[in-house]
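I have placed the structure first, in the form of structure tokens, so that the comments after it can refer back to it.
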Amino acid sequence: MMIKFLKIILGTGFAFIFILVTIASIRTLSLDVNAGLQLARWETVSNISFDIDHRKREELLTRFKEAIRIPTVSFSPTESNTTALLDFNSFLRRAFPTIFSSSLVQHELVANYSHLFWIPGSNSDLLPYLLLAHIDVVPATESDGWVAPPFSAQEIEGFIYGRGTIDDKGSLMGILQALEYLLIKGYAPRRGFYIGLGHDEEVSGYQGAVNIARLLKQRNTRLAFVLDEGLAVLDGVISGLDGPAALIGVSEKGSATVKLSVSMLPGHSSMPSRESCIGILAAAVKKLEDNPMPMLFGYGPERETFEHLAHKFGVPMKFILSNLWLFSPLVGRFLQQKPDSNAFVRTTTAVTMFNAGVKTNVIPSFAEAYVNLRIHSAQSLQEVLDLIQLTLGDHRVKIELIEGFDPLPVSSSNEKSFGFQIIKKTLLDMFPTVAVAPGICVGNTDSRHFKDLTNDIYRFAPLWFKPGDAKRFHGINERISKKNYEELVLFYFRLIQNGDIGKLPEPHTFVHEL
């Protein structure tokens, strides 16, 4: 009887495994999500060619270098280089005379240093879109180890070095240079669009972007989509991927800064108590580091990233990534091994400041630590705060939220998503072999201030990142190649024209074999 029972169990188990493998194999052979609209018949729009000779190429590089040399640094929410911001304002007017003189372009200064441009379209039935970039940069000094002064825009082996080349004057100058060229060639859009340039993005954008968004709200503006900085083209960065991948950010992680503090009676170091406020707080910090937030791979946009890229991997990774319904825990455990990929699978916890003590022989009465958390799309700010409380479990440690916000809504990225597909088409027109996928921004951008004006916010610029380049972002030796800057200009030049498409075509299907 027992032998018969075991045979039934084993038979059922093998059947179950066979069914799982069959389903997984079918999914692996299913549609390539990157091929659909690439093969479709697109509506014809203006086709102004991007033809620049050697002289014009040198002129656009000269203008870009001049932008980098203006040190538009934001030091804090209350301190920025306002002289440089005023200089940058004057520079823009010199660099792009057609934009500022065109009767087609409406321009206004916002909060003294930010800019809003409106280029109305001939068809008012088409919802406008917004291109965002920011003027300010983070601080940098030559003593940090730069190979060239950070505001010199020095050219070395085909690269322009300087703070802002990546973040974010490349995009800013690329957008304006593209519009300047289009206007010179007589372009007039069918679909209207805005250009917003904030001046304090590096310190949260509460003056620039917030006031630009407020103006648009007051005018009852509704946007088809917003495109800001964010993710990039990764070349050789994702292990095992066949070729480069362009990740378009469809959301941002939330953020929280939490203060932990402990108060006790002070005393003399010659008669210490068993525990000090420093020791109690240090133990609390250690608890947070030893007990990270739960692994949530598969519950946010990061799942779509790998599903879109699955066909670009070899076996067995293609099989695994095509079947995340089955293998998500396995992939998540793999990704959490490294800090850069761990950021995609959970809310990250970083202790960034620890303050205590006034004298070497005095037991302090107070100790405090600051913790910065970047919140995964599947969690809320309140859930994270509750988990911190539960993890610490010590009433002596006061937990105080300094500032924070929930993760941003996830924008659409399917075949009917106008903004995503226009960005994708523009990319594939330029780089046909690049795989395109939605992604998640682990940092934050000005675009979050516009979430009430649109359902779709995307974060991307066609900056090419090779292994190690991401460290240049807010780091030392920030740089962009001359070729890549020209590609930025071309990208926006084509994107603006592609934006005139009234509606998306019906996608074609395309099947990849295992």
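Those strands (runs of 3 or more DSSP E) of segment 397-498 in which 3 or more residues are touching a helix residue (DSSP H, G or I) at 6+ places or on another chain (Cβ under 8 Å) occupy 398-405, 435-441, 457-465.
Kindly evaluate Asp452 against the criterion of being surrounded by fewer than 18 Cβ atoms within 10 Å (Cβ to Cβ), closer than 21 Å to Tyr206 by Cα and touching a residue at least 24 places away in the same chain (Cβ under 8 Å). Step through it out loud before you land on a result.
Details: surrounded by fewer than 18 Cβ atoms within 10 Å (Cβ to Cβ): yes; closer than 21 Å to Tyr206 by Cα: yes; touching a residue at least 24 places away in the same chain (Cβ under 8 Å): yes.
Taking the combined requirement at face value, the residue satisfies it.
Please verify whether segment 304-322 includes one or more residues that are in contact with a Pro (Cβ under 6 Å, 6 or more places away or on another chain) and assigned to a strand (DSSP E or B). No, the conditions are met nowhere in segment 304-322. Per the conditions (1) at pLDDT 85 or above; (2) in contact with a helix residue (DSSP H, G or I) (Cβ under 8 Å, 6 or more places away or on another chain); (3) loosely packed, with under 15 Cβ neighbours inside 10 Å; (4) of a type outside the set (Lys, Arg), the sole criterion not satisfied by Leu60 is (3). Entry remark, segment 331-379: residues being under 28 Å from the mean Cα position of the chain (by Cα), of a type in the set (A, V, I, L, M, F, W, C), surrounded by fewer than 16 Cβ atoms within 10 Å (Cβ to Cβ) and modelled with pLDDT under 95 number 1 in total. Taken together, the residues in segment 218-233 that are surrounded by fewer than 22 Cβ atoms within 10 Å (Cβ to Cβ) and touching a residue at least 40 places away in the same chain (Cβ under 8 Å) amount to 4. Filtering segment 86-117 down to residues that are of a type in the set (Phe, Trp, Tyr) and surrounded by fewer than 19 Cβ atoms within 10 Å (Cβ to Cβ), which residue is farthest from Asp168 (Cα to Cα)? Step by step, filter segment 86-117, then rank; the result is Phe100. Scanning segment 455-499 for residues that are small (Gly, Ala, Ser) and without any contact (Cβ under 8 Å) to a residue 12 or more places away in the chain yields Gly468, Gly475. Taking Glu275, is it over 21 Å from the mean Cα position of the chain (by Cα), part of a loop (DSSP other than H, G, I, E, B) and farther than 30 Å from Asp136 by Cα? Yes; evaluated as a whole, the condition is true for this residue. Tallying residues that are loosely packed, with under 15 Cβ neighbours inside 10 Å, farther than 10 Å from Arg479 by Cα and either aromatic (Phe, Trp, Tyr) or modelled with pLDDT of 95 or more (or both) within segment 140-157 yields 2. Only one of the listed residues (Leu215, Leu197, Leu172, Leu179) is over 24 Å from Thr83 (Cα atoms) and crowded, with 18+ Cβ neighbours inside 10 Å. That residue is Leu179.
Could you identify the single residue in Val45, Val33 that is at pLDDT below 95, surrounded by 12 or more Cβ atoms within 10 Å (Cβ to Cβ) and in contact with a His (Cβ under 8 Å, 6 or more places away or on another chain)? Spell out the reasoning first.
Numbers: Val45 fails: in contact with a His (Cβ under 8 Å, 6 or more places away or on another chain).
After ruling out the rest, the residue left standing is Val33.
The number of residues in segment 185-218 being among the β-branched types (Val, Ile, Thr) and assigned to a strand (DSSP E or B) comes to 1. The residues on offer are Thr445, Thr509, Thr426, and the sole one that is hydroxyl-bearing (Ser, Thr, Tyr) and either at pLDDT below 95 or surrounded by fewer than 17 Cβ atoms within 10 Å (Cβ to Cβ) (or both) is Thr509.
Each row is one residue, and each column tells you yes or no for (1) over 16 Å from Gly499 (Cα atoms); (2) under 21 Å from the mean Cα position of the chain (by Cα); (3) not small (Gly, Ala, Ser).
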| residue | (1), (2), (3) |
| --- | --- |
| Leu132 | no, yes, yes |
| Asp144 | yes, no, yes |
| Ala178 | no, no, no |
| Leu182 | no, no, yes |
| Pro189 | no, no, yes |
| Ile195 | no, yes, yes |
| Ala209 | yes, yes, no |
| Arg214 | yes, no, yes |
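The values are calculated or read from the model by the stated rules, or taken from the named source; none is laboratory data. Being a predicted model, the structure only gives us computed values, none of them experimental. Don't worry about glycine lacking a Cβ; one is built from the backbone with ideal geometry, like all the others, and counts go over all protein chains shown.
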